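Presented below is the structure to which this report refers.
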Amino acid sequence: MQETTDKVRDRVYAYSIAKIYPLYVAKAENKGRGKAEVDEILRWLTGHTQQSLEAEMAKGATLESFFNSAPQLNPARSLITGVVCGVRVENIEDPTMREIRYMDKLIDELAKGKPMEKILRA
């Protein structure tokens, strides 16, 4: 079982942010939200500027390297709670997987129409 879990984790870590990003934008746009809001969420979560966010995508950064090299992970991200893919994000022990699921959760909240102030835990 652990070997399967490790393989899944390794596969998710290897996903490129550049390949995931258009899916997030499409999800947002399908629900009447926009690319600018997705960018704002990613900048809020990771501390990237728009320029450094675009640079990470241009170089094809993996999700693991995207989060490991984030300039300043937002301390308020610990306020993100709820379920993503059937798992409570606040209970995920693996730090990088938790960051990935935080990102998924924020994009889910955007697509569900939650106001940006609430998404960004303002």
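Worth pointing out:
- You will find that of GLY86, GLY82, the residue that is of a type outside the set (Val, Ile, Thr), more than 13 Å from the chain's Cα centre (by Cα) and open to solvent by less than 20 Å² (accessible area, probe 1.4 Å) is GLY82 and no other.
- Single residue of region 76-110 satisfying the filter (touching an Asp or Glu at 6+ places or on another chain (Cβ under 6 Å) and under 17 Å from THR5 (Cβ atoms)) that is modelled with the highest pLDDT: THR96
- Candidates LEU45, LEU73 - the one that is among the aliphatic types (A, V, I, L, M), farther than 17 Å from GLU117 by Cα, open to solvent by less than 50 Å² (accessible area, probe 1.4 Å) and modelled with pLDDT of 95 or more: LEU73
- Residue match in region 95-115 (condition: over 17 Å from ILE20 (Cα atoms), under 15 Å from the mean Cα position of the chain (by Cα) and hydrophobic (A, V, I, L, M, F, W, C)): no
- Single residue of region 18-37 satisfying the filter (over 14 Å from the mean Cα position of the chain (by Cα) and of a type in the set (A, V, I, L, M, F, W, C)) that is most open to solvent (accessible area, probe 1.4 Å): ALA36
- In region 106-122, the residues that are more than 12 Å from GLU37 (Cβ to Cβ) never reach a residue that is of a type outside the set (A, V, I, L, M, F, W, C) and not in a loop (DSSP other than H, G, I, E, B) with C-beta atoms less than 7 angstrom apart, at least six apart or across chains.
- Residue count for region 2-34, restricted to those that are farther than 13 Å from ILE100 by Cβ and of a type in the set (A, V, I, L, M, F, W, C): 5.
The values are calculated or read from the model by the stated rules, or taken from the named source; none is laboratory data. All figures in this text were calculated on a predicted structure; none of them were measured in a lab. Cβ: placed from backbone, ideal geometry, glycine included. Neighbour counts: every protein chain shown. Surface areas here come from the heavy atoms of the whole protein model, side chains and all, with no ligands, DNA or RNA. Shrake-Rupley method; radii C 1.70, N 1.55, O 1.52, S 1.80 Å.
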